[in-house]
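Below is one structure; the comments refer to it alone.
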Amino acid sequence: MKPLAGLTVVTLEHAIAAPFATRQLADLGARVIKVERPGVGDFARGYDERVRGVASHFVWTNRSKESLTLDVKHPEAQTILKRLIREQADVVVQNLAPGAAARLGLSYEALSAEKPGIIVCDISGYGGDGPYRDKKAYDLLIQGESGFLSVTGTPETPSKAGPSIADISAGMYAYTNILAALLQRQQTGRGCRIDVSMLESLVEWMSYPLYYAFDGAPPPARTGASHATIYPYGPFPAGDGKTVLLGLQNEREWVAFCETVLQRPELAREERFSSNSRRNAARDELRGIIVAAFAGLTAEEVVARLERASIANAQANAMQDVWNHPQLAARDRWRTVETQNGPVPALLPPGVASGRGAQGEARMDPVPALGQHTESILAALGYAPGDIARLRDAKAV
């Protein structure tokens, strides 16, 4: 039995933040009913066609869900949606345009008046109040507003993160807040409203640069793939043209790095490199020493020295390397998920719960086709085939 088996989530969602949150609820066994616009669906369905003709973002965030098409502006569709929530939903999640859910009568205040145990999670760019409440938001824009772009990239060029980290962070906080609300409801019998802001989620992740720049101090510099304040920590070229990633965290490791990796033990005793702050201040000079030491070695030889010195290191893998990563294979982390165009691999959600066995694994059900479950959901609400046909003709579903 999955931890959230028996729980029903109705979600009006698109893009990444809300779908990522609700997919994780589905991973744990919740029934997630995804309400989509007839004929179009979640606009993330159209982002690309890279996964057997299905969009990569959609495959990632929408497995194990049911797709119900409703034109929520149509009066009959609104009646269906409210009935579905009233009769079946434990949780409602939405990341529609600012104010849209409230206009549809789906605010926590409206729903809880009839169903006090309902949990409503609203995900937005900037939150439910304040001067930015009605401002549209996308991942890049929040990376800018949060200050993330100001500390990411090279000195010449700010860079966004490759993955949609503003959406992902908001989805994670929505997911954890919903779990907390479910625990609270077990004790009180009452639901609550959860207001998750993409801006606040990513600013929380920005806490180290914020504190580094506290009280008017200068912020950390943009340093590419290197760490802005710890050195040496980042990519270094080996003599064979390959790149090795490494990182030092303390003085013991610095001594070992000098003795075993650079094979220059005298550097560990030099005042100019005697603390992380001094090494960071002298990073250009120190980088020259490291690059010169690595120039006569292959990447494999550099890694061998790093391993002997117990210095953390890694490869800068390309995407195909990750698909074939030996550690993921050794831990049996890949499963198969069905799509409308055939099976695709999917990574098990992080975390291994001991004692649950194979039956306790995350749910990995198919990625739904648009409207795939509309008829079965309506039938369960008591709609006869003729009623469903009439609703289709009226373009309500």
Next item on the list: Output the number of residues of the stretch 169-190 satisfying the condition of being open to solvent by less than 50 Å² (accessible area, probe 1.4 Å) and in contact with a helix residue (DSSP H, G or I) (Cβ under 6 Å, 6 or more places away or on another chain).
Entry: 5
Next item on the list: Please go through the stretch 131-163 and pick out each residue that is farther than 21 Å from HIS227 by Cα and either open to solvent by less than 40 Å² (accessible area, probe 1.4 Å) or outside any loop (DSSP other than H, G, I, E, B) (or both).
Entry: ALA137, ASP139, LEU140, LEU141, ILE142, GLU145
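Looking only at residues that are in a loop (DSSP other than H, G, I, E, B) and aliphatic (A, V, I, L, M) in the stretch 99-121, which one is farthest from LEU12 (Cα to Cα)?
As a first pass, look at the stretch 99-121 and keep what is in a loop (DSSP other than H, G, I, E, B): 99, 104-107, 115-118.
After this cut, where a residue has to be aliphatic (A, V, I, L, M) as well, the list is 104, 106, 118.
Working: LEU104: 11, LEU106: 10, ILE118: 15 Å.
So the residue we want is ILE118.
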Next item on the list: Among the residues of the stretch 72-87, count how many are open to solvent by less than 70 Å² (accessible area, probe 1.4 Å) and acidic (Asp, Glu).
Entry: 1
Margin query: Given the condition aliphatic (A, V, I, L, M), in the same structural domain as VAL40 (by the TED database) and open to solvent by 30 Å² or more (accessible area, probe 1.4 Å), answer yes or no: does some residue in the stretch 383-393 qualify?
Written below: yes
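Kindly check whether there is at least one residue in the stretch 167-175 that is among the acidic types (Asp, Glu) and under 18 Å from the mean Cα position of the chain (by Cα). Working first, answer last.
Here is the first cut: in the stretch 167-175, the ones among the acidic types (Asp, Glu) are 167.
Filter once more, so that each one left must be under 18 Å from the mean Cα position of the chain (by Cα): 167.
Yes, the conditions are met somewhere in the stretch 167-175.
Given the criterion over 18 Å from ILE178 (Cβ atoms) and not aliphatic (A, V, I, L, M), identify the matching residue among GLY6, GLY105. Give the steps one after another, and end with the answer.
On the way: GLY6 fails: over 18 Å from ILE178 (Cβ atoms).
Going through GLY6, GLY105 in turn, the sole match is GLY105.
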Item checked: Of residues in the stretch 1-28 being among the β-branched types (Val, Ile, Thr) and in contact with a Gly (Cβ under 9 Å, 6 or more places away or on another chain), the one surrounded by the fewest Cβ atoms within 10 Å (Cβ to Cβ) -> ILE16
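State all residues of the stretch 68-118 that are of a type in the set (Gly, Ala, Ser) and closer than 21 Å to ALA396 by Cα; if no residue qualifies, say none. Please lay out each step first, then the result.
Narrowing the stretch 68-118 to residues of a type in the set (Gly, Ala, Ser): 77, 89, 97, 99-102, 105, 107, 110, 112-113, 117.
Result: ALA77, ALA89, ALA97, ALA100, ALA101, ALA102, GLY105.
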Note to self: Condition first: closer than 11 Å to LEU297 by Cα, assigned to a loop (DSSP other than H, G, I, E, B) and in contact (Cβ under 8 Å) with a residue 12 or more places away in the chain. Now tell me which residues in the stretch 223-244 satisfy that.
What the structure shows: ALA238, GLY239, ASP240, LYS242
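The values are calculated or read from the model by the stated rules, or taken from the named source; none is laboratory data. As the structure is a prediction and not an experimental result, all values here were calculated from the model. Heads up, the Cβs are rebuilt from the backbone with ideal geometry, glycines too, and the neighbour counts pull from every protein chain shown. We work out accessible area using only protein heavy atoms, side chains counted, and drop any ligands, DNA or RNA first. Shrake-Rupley method; radii C 1.70, N 1.55, O 1.52, S 1.80 Å.
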